[in-house]
1. When only residues in region 1-55 that are more than 20 Å from residue 323 (Cβ to Cβ) and hydroxyl-bearing (Ser, Thr, Tyr) count, which is farthest from ligand 2 (Cβ to nearest atom)?
2. Could you list, in sequence order, the residues of region 325-343 that are open to solvent by 50 Å² or more (accessible area, probe 1.4 Å), over 18 Å from residue 274 (Cβ atoms) and touching a residue at least 40 places away in the same chain (Cβ under 8 Å)?
3. Quickly run through region 321-335 and pick out the residues that are more than 23 Å from the chain's Cα centre (by Cα) and modelled with pLDDT of 95 or more.
4. Given the criterion touching a Gly at 6+ places or on another chain (Cβ under 9 Å), modelled with pLDDT of 95 or more and more than 28 Å from residue 275 (Cα to Cα), identify the matching residue among 78, 17.
5. State all residues of region 227-251 that are within 16 Å of ligand 2 (Cβ to nearest atom) and touching a Lys or Arg at 6+ places or on another chain (Cβ under 7 Å); if no residue qualifies, say none.
6. Which of the residues that make up region 11-32 are open to solvent by 10 Å² or more (accessible area, probe 1.4 Å), away from ligand 1 (no atom under 11 Å from the Cβ) and under 20 Å from residue 133 (Cβ atoms)?
7. What about residue 272, is it away from ligand 1 (no atom under 16 Å from the Cβ), within 17 Å of the chain's Cα centre (by Cα) and in contact (Cβ under 8 Å) with a residue 60 or more places away in the chain?
8. Among the residues of region 141-151, is there at least one that is within 21 Å of residue 188 (Cα to Cα), more than 14 Å from ligand 1 (Cβ to nearest atom) and either buried (at least 17 other Cβ atoms within 10 Å of the Cβ) or among the acidic types (Asp, Glu) (or both)?
Amino acid sequence: MTLTLARPDDWHVHLRDGAALAAVVRHTAARFGRAVVMPNLAAPVTTTALAADYRRRILAALPPDCRFEPLMTLYLTDRTSAGEIGRARASGFVHGVKYYPAGATTNSDSGVTGIERVRAALAALEEHDLPLLVHGEVTDPQVDAFDRESVFIDRVLDGIVRGHPRLRVVFEHVTTREAVDFVRAAGPRVGATITPQHLLLSRNALFDGGLRPHHYCLPVLKREAHRVALVEAATGGEPQFFLGTDSAPHSRRDKESACGCAGVYTAHAAIELYAEAFDAAGRLDRLEAFASHHGADFYGLPRNADAISLVRERWVPPESYAFGDDELVPFRAGGTIAWRLGAPGGG
Ligand code: NCD
Ligand code: ZN
């Protein structure tokens, strides 16, 4: 069976920098027309000037005939000024500003330490109609790791959305029924991305016959009832939910460690994995809307004019990819993937 769909976009990806960027970017560019590139480099992308430099490095890492477009983001800090938000909007290549609670995840040390510190920046985002992209987890060590997303809604996100009635917000990589319900209730100016691993796996996958570091990401996988709620949201045809892989490469050394990094690498098979999840739900007919329409509509960008095709045919991803001076273990390494990417435009 072959499925043809308008070329999809990835509305949340980590491309890294340097040798890591060179190793991974072709996977994203082979599938997606555009991708929202996260700014959490070791030295965070906090200004429009830094985003312009990073954008040039991404384009330089691609083959010359490649039409992939990186959509850049700024990293919100306690010191981000309203002027910087205005410059970002005027640039035309910055499409959102990412809110990391300080300490919540990889390279988030420069993130926001308190909502009161970013009031002026949020007002500027609202004024310039530039979306706020939110990593929605509290960092309070008293809060159970599996509850950090739902507690973030009550303690922080609900206040942001109510306090800024015109601000557009993307609740990134939602993982719980509470998050799905919040997004629905908030209406069309709040969107959400959903990753392939959260559609395909419950938290049991972290402990399947032993500890599985390559299934560890943030927000962490949740129990099965939450996975079911995410599948309903993704496959339900609701325009607020769209594709965002959160593909987050880390070296094997950093993953298979006594204190392993959070992040699952899915860019090598991203749209194929979503096809599996939609197929399992009997809703392949809704994949195109989720993958190729809803995100572009939310961001106010045109939908891609070209197409990709997917073939229901098993293949085995490599055990690892070269990754700088180490290697990268992809999702399903050593296993099989049920769909493969066909020739561009169908057939
Ligand atoms: C991301 C990373 O490695 O940059 N990790 C992850 O588990 N998702 C950061 C993030 O998006 O939280
Ligand atoms: Zn991410």
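1. It comes out as 2.
2. Answer for region 325-343, where residues must be open to solvent by 50 Å² or more (accessible area, probe 1.4 Å), over 18 Å from residue 274 (Cβ atoms) and touching a residue at least 40 places away in the same chain (Cβ under 8 Å): 325, 327.
3. Residues satisfying the conditions are 325, 326, 335.
4. Being touching a Gly at 6+ places or on another chain (Cβ under 9 Å), modelled with pLDDT of 95 or more and more than 28 Å from residue 275 (Cα to Cα) holds for just one of 78, 17, which is 78.
5. 249
6. 17
7. It is true that residue 272 is away from ligand 1 (no atom under 16 Å from the Cβ), within 17 Å of the chain's Cα centre (by Cα) and in contact (Cβ under 8 Å) with a residue 60 or more places away in the chain.
8. yes
The values are calculated or read from the model by the stated rules, or taken from the named source; none is laboratory data. Model, not experiment: these values are computed from the prediction. Cβ: placed from backbone, ideal geometry, glycine included. Neighbour counts: every protein chain shown. The protein model used for the area step is the full one, side chains on, heavy atoms only, and it has no ligands, DNA or RNA in it. Shrake-Rupley method; radii C 1.70, N 1.55, O 1.52, S 1.80 Å.
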